[in-house]
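Report on the structure given below.
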Amino acid sequence: MAEMMYREALNRALFEEMRKDPLVFVLGENIGERGGSYKVTEGLIKEFGAERVIDTPLAEATFTGAAVGAALAGTRPVVDILFVDFTTVPMDAIVNQAAKYEFMSGGQGQVPMVLRTQGGAGNSLAAQHSQSLEALFYHIPGLKLVMPSSPYDAYGLLVSAIRDDQPTIFIEHKLLYMTKGEVPEEEYVVPLGEADVKKEGSDVTLLTYSYMTLKCLEAAELLEKEGISVEVVDLRTLKPLDEETILASARKTGRVIIVHEACKRGGIGGDIAAMIMEEAYDDLDGPVMRVCGLDTPIPYNLELEKVCIPTTEDIVEAIIKIT
Amino acid sequence: MSKKSPPKSAAKSKTSSRGVTEKILLQMYRSVYATRQFELKCMDLYRQGLVRGYLHPYLGEEAIAAGACAAIGHDDFIVSTHRGHGHCISKGADLKLMVAEIMGRATGYCKGRGGSMHIFSKENHNLGANGIVGAGIPIATGAAMGIKVRKEKRVVLVFFSDGAANQGVFGESMNFAAAFELPVIFMLENNHYAVSTPVECSFGNCDLACKGPAFGMPGICIDGNDAVEVYLTTKSAVERALNGEGPTLIEAKTYRHGGHHLNDPGDYMDQKVLAEWKARDPLDILRGKIRGKKKVKEVEDQAELELSEAIEFAKNSPQPSVDEFLTSIPNF
Ligand SMILES: Cc1ncc(C[n+]2csc(CCOP(=O)(O)OP(=O)(O)O)c2C)c(N)n1
C-alpha cells in the first residue's frame, strides 16, 4: 500500500490504462503541457504525445460531440471538462448522443466514453464554478454516473469506467484532490454499481457520496462517542445504483438519512428516499430524511457559501433528531 | 520575429493622437491608469486573503476597454468576461462598489454574491462579467435584439477573447447579428492565449478578423495596445450600428502581462515575446500621446485617491448578513 492523493490516484489510473490500451486517449482544455488545473493529467503528454493527449480549442460542445464520434469509431476517449458547471455547454452530446446511441442503433453503436469533470463548493468560486449537477445526469437513462470519495475508489472506479462500454459521467470534487488515502501498489478495479459501507453501525444509516462522505464519517465518529452507532454507506456509483446495499443497510438500522451537497429539490436524495420507501417501508422506524444543499445558486462570499452546504454539525443534528 | 509579436504598424502611430481630443485622451488615460492600479491593488488584497476565488487580471489589455468604452455612450450596453475589471472601470463603475464586491462585502455591486467574475452594474448598463467562456456573446446579441424591439438608438459592445471565439455561440451569434443587422460590436480581445493554449494551436486560421466577412460584417484587425486606434475603430463601428447597417467584428491584438489568473505563473508564455509586448505597454503608449503632462499627473493622482478610498470603504464595509441571505432565497 502506498499513501496517495486523490488526484494522483486518478493520474495513475490514466497512465496505466493508456499504457495498456492504445485506444484510450484524453481530450480537453489545457490538459497537455499544463497538466490540467488540478494536475490530474500531469505528465501524460510526455509519455503519450499530443495525439493521445489533446489540448482542444475552447469548444466543449464540439470536443464532447467529437468524443462520441471517436468512441463510435472504435476508441475509448476520456473527455476532460474542467468544471461540472461547463457540462451544460455540451449537453446535447451527452444527453441526446452519448446516452442514446447504443439504444437507438439497436445495440450497434456503443459509446465507451468517460467524461471526467469536477464539482462542488468550498473555494469561493461563486455561482458558475461551484455547483453539484449530478442530478442532471442521474435523470438520463443510458448514462453511468460515478462520484468517488477516496483515492482508493477514485483509481479503481476510473479504471472500471474507462474499460466499460457505456458512457460514464465521472464527477470528482474540488475539495478532494489533495486528500490522501491508501492505494494498493498493484492494479485493481472497483466495479461500477457497488456501494461501499465505509463505516458499519446499527442505529442509523447515512447514505452519501463524494465529498460529503468525509463529513458523514466525521459526524459518525462524533456520535460514536455519544453512544449512537452510525453506518456510513458511500454510494460511489450513482448509476447503476446499488439498491441491494442501500436496502440492506436501511433494513438493518431502520433509520436512514441521505446526505448530499447538491440542492435538495430534484436531488438524488429524493429519488433514493422514494425507492427505500417503496421497497423497505415495513422495516423503517420513521421517514427517510435528507440533509442537502440549500436550493440556491452558490454565493461568492465565504460565510454565505458555507451556509449553502451541509456541515458536519447539520448531519449530527439530523442524526440526533432521528434516533 | 514570432508571429505573436506586436504589430509593426504600431510604431508609426506611436505619438499621434489622430485628431482625438485631449478630453477623450484623458478619459481613456483615466480608464487605463485606474485599471492598472486597480489590478495591482487587487493582487495585493488577494495575497492578504481579502479577495478569494479566481482573479483574472486585465494587465496589459487595458487600452481595449478604455478605447472602446470611450467610443460609446452611457446608455449603451457592454457585456464583459471573466477578465472584466477593465471593462467595468472603463464603463464608469464606482471603484468603491467594485472593490467591495471583489472582497465579498454587503456593499458591493452584487451584495458580495458575485465576486470578481460576476460584476454587473445596471446603472452603468454593464450586463455583467461571466464565468462561462463565450456565454456573453449571445447575451449581447440578444441585448441588441432588445434594443431593436424597443426601437432605441443604442448599441451593445461585447468583449470576449480568442478562446471564446472557438465556442459555437461565437459563430452562431455573428451570423445571427449579421442576418438581423443588429447594433452590436464584437470586440475580440486577442491576447493570444486561452489559459495556456496559444492561438496557433487552436485555430486553423489565426487571422481572426476574417471571420467578420465570413459572416457578413466587416472584420477589422487593430493594435489593441493603442487606445486611440481602438477608440477610432469602435467609433466607426458604433456609427455603422446606429445607422442600422449592422454589426462589426474588431479583433484587437494584445497580450497578457502575466499568467491566466493570479495563481498561474504563466511559465508556458514565451518570455521574449512577452518582453516585446511589455515594451509596448498600453499605458505608456497612451501617455505618450497626451500633451498636457500636468493633466496626466492630475488624472493619476485622482485615480489613486479614488482607489485608496475605495479600498478603505470596502475594508470598512460589513460582510453580507447570513440571515438576510437565507430569507432572500427565492422559492424556486
Ligand atoms: C465554458 C467554459 N469553458 C472553460 C472555462 C475555463 N476557462 C476559464 S477562462 C478560460 C480561457 C479563456 O480564454 P479566452 O477566451 O482567450 O480569454 P482570456 O482568459 O484569454 O481573457 C478557460 C478555458 C470556462 N470558464 N467556461
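The values are calculated or read from the model by the stated rules, or taken from the named source; none is laboratory data. This is a predicted model, so every value here is computed, not measured. Cβ coordinates were reconstructed from backbone atoms using ideal geometry, including for glycine residues, and neighbour counts include every protein chain displayed.
Where in the stretch B:183-248 are there helices (runs of 4 or more DSSP H), lying fully within it, with 3 or more residues that are aliphatic (A, V, I, L, M), more than 14 Å from chain A (Cβ to nearest Cβ) and within 17 Å of the chain's Cα centre (by Cα)?
In the stretch B:183-248, the matching helices (runs of 4 or more DSSP H) lie at B:227-242.
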* Asked: So which of A:Val291, A:Val232, A:Val256, A:Val307 is touching a Pro at 6+ places or on another chain (Cβ under 6 Å) and among the β-branched types (Val, Ile, Thr)?
  -> A:Val291
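Conditions (1) modelled with pLDDT of 95 or more; (2) more than 26 Å from B:Thr254 (Cβ to Cβ); (3) not in a helix (DSSP H, G or I), marked per residue:
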residue: B:Thr107; (1), (2), (3): yes, yes, yes
residue: B:Lys111; (1), (2), (3): yes, yes, yes
residue: B:Ile132; (1), (2), (3): yes, no, yes
residue: B:Ile137; (1), (2), (3): yes, no, no
residue: B:Gly142; (1), (2), (3): yes, yes, no
residue: B:Gly146; (1), (2), (3): yes, yes, no
residue: B:Phe160; (1), (2), (3): yes, no, yes
residue: B:Val169; (1), (2), (3): yes, no, no
residue: B:Phe176; (1), (2), (3): yes, yes, no
* **Answer residue from the stretch B:121-136, given it is over 17 Å from B:Pro57 (Cα atoms) and under 13 Å from the mean Cα position of the chain (by Cα) and is nearest to the other protein chains (Cβ to nearest Cβ) among those** => B:Gly136
* To do: Could you tell me which residue of the stretch A:23-52 is nearest to A:Ala9 (Cα to Cα), considering only residues that are more than 13 Å from chain B (Cβ to nearest Cβ) and in contact with a strand residue (DSSP E or B) (Cβ under 7 Å, 6 or more places away or on another chain)?
  => A:Leu44
* To do: Return yes or no: is A:Thr56 under 25 Å from A:Pro141 (Cα atoms), out of contact with any Cys (no Cβ under 7 Å at 6 or more places or on another chain) and within 14 Å of chain B (Cβ to nearest Cβ)?
  => no
* Asked: A:Val89: within 21 Å of the chain's Cα centre (by Cα) and closer than 17 Å to A:Phe25 by Cβ, yes or no?
  -> no
* Structure fact -> Counting only residues in the stretch B:241-268 that are farther than 29 Å from B:Ser196 by Cβ and in contact with a strand residue (DSSP E or B) (Cβ under 6 Å, 6 or more places away or on another chain), the one surrounded by the fewest Cβ atoms within 10 Å (Cβ to Cβ) is identified as B:Thr248
* Test each condition in (1) in contact with a helix residue (DSSP H, G or I) (Cβ under 6 Å, 6 or more places away or on another chain); (2) in a helix (DSSP H, G or I) for A:Leu238 and report the one that comes out false. => (2)
* Out of the residues in the stretch A:157-170 that are crowded, with 24+ Cβ neighbours inside 10 Å and touching a residue at least 60 places away in the same chain (Cβ under 8 Å), state the one that is nearest to the chain's Cα centre (by Cα). => A:Ile169
* Asked: For the stretch A:46-98, how many residues are surrounded by fewer than 20 Cβ atoms within 10 Å (Cβ to Cβ), β-branched (Val, Ile, Thr), assigned to a helix (DSSP H, G or I) and away from the ligand (no atom under 14 Å from the Cβ)?
  -> 1
* Do we have B:Glu276 as away from the ligand (no atom under 16 Å from the Cβ), touching a Ser or Thr at 6+ places or on another chain (Cβ under 7 Å) and in a helix (DSSP H, G or I) here? -> yes
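A quick yes/no check of all residues on (1) under 24 Å from B:His260 (Cβ atoms); (2) touching a Ser or Thr at 6+ places or on another chain (Cβ under 7 Å):
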| site | (1), (2) |
| --- | --- |
| B:Ala140 | yes, no |
| B:Gly146 | no, no |
| B:Lys151 | no, no |
| B:Arg154 | no, no |
| B:Leu182 | no, yes |
| B:His192 | yes, no |
| B:Pro198 | yes, no |
| B:Lys211 | yes, no |
| B:Leu232 | no, no |
* Asked: Given the residues B:Thr107, B:Thr35, B:Thr81, which is the only one that is buried (at least 24 other Cβ atoms within 10 Å of the Cβ) and over 30 Å from B:Glu181 (Cβ atoms)?
  -> B:Thr35
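Results for (1) buried (at least 18 other Cβ atoms within 10 Å of the Cβ); (2) in contact (Cβ under 8 Å) with a residue 12 or more places away in the chain; (3) assigned to a loop (DSSP other than H, G, I, E, B), shown as yes or no for each residue.
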| position | (1), (2), (3) |
| --- | --- |
| A:Leu223 | yes, yes, no |
| A:Ala250 | yes, yes, no |
| A:Asp271 | no, yes, no |
| A:Ile276 | yes, yes, no |
| A:Pro299 | yes, yes, yes |
* To do: May I ask you to say which residue of B:Ser308, B:Ser317 is out of contact with any His (no Cβ under 9 Å at 6 or more places or on another chain) and either in contact (Cβ under 8 Å) with a residue 24 or more places away in the chain or within 16 Å of the ligand (Cβ to nearest atom) (or both)?
  => B:Ser317
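Matching residues to (1) more than 14 Å from every other protein chain (Cβ to nearest Cβ); (2) under 22 Å from B:Ile329 (Cα atoms):
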| position | (1), (2) |
| --- | --- |
| A:Lys252 | yes, no |
| A:Glu261 | yes, yes |
| A:Asp285 | yes, no |
| A:Gly293 | no, yes |
| A:Thr296 | no, yes |
| A:Thr312 | yes, no |
| A:Lys321 | yes, no |
* To do: Tell me which residues, restricted to the stretch B:45-74, are within 14 Å of chain A (Cβ to nearest Cβ) and assigned to a loop (DSSP other than H, G, I, E, B).
  => B:Gly49, B:Leu50, B:Val51, B:Arg52, B:Gly53, B:Tyr54, B:Leu55, B:His56
* To do: Give B:Ser9, B:Ser90 a once-over and let me know the one that is at pLDDT below 95 and either within 16 Å of the ligand (Cβ to nearest atom) or within 27 Å of B:Cys206 (Cβ to Cβ) (or both).
  => B:Ser9
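Suppose we filter B:Ser173, B:Ser116 for residues that are touching a residue at least 12 places away in the same chain (Cβ under 8 Å), within 11 Å of chain A (Cβ to nearest Cβ) and within 16 Å of the ligand (Cβ to nearest atom); which single one remains? Explain how you work it out, then say what you get.
Details: B:Ser173 fails: within 11 Å of chain A (Cβ to nearest Cβ).
When all the criteria are applied, what remains is B:Ser116.
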* Structure fact -> Counting only residues that are within 14 Å of chain A (Cβ to nearest Cβ) and touching a residue at least 40 places away in the same chain (Cβ under 8 Å), the stretch B:137-160 contains a total of 3
* Structure fact -> Within the stretch B:47-68, of all residues that are touching a strand residue (DSSP E or B) at 6+ places or on another chain (Cβ under 9 Å) and farther than 19 Å from B:Ala310 by Cβ, the one farthest from the ligand (Cβ to nearest atom) is B:Gly67
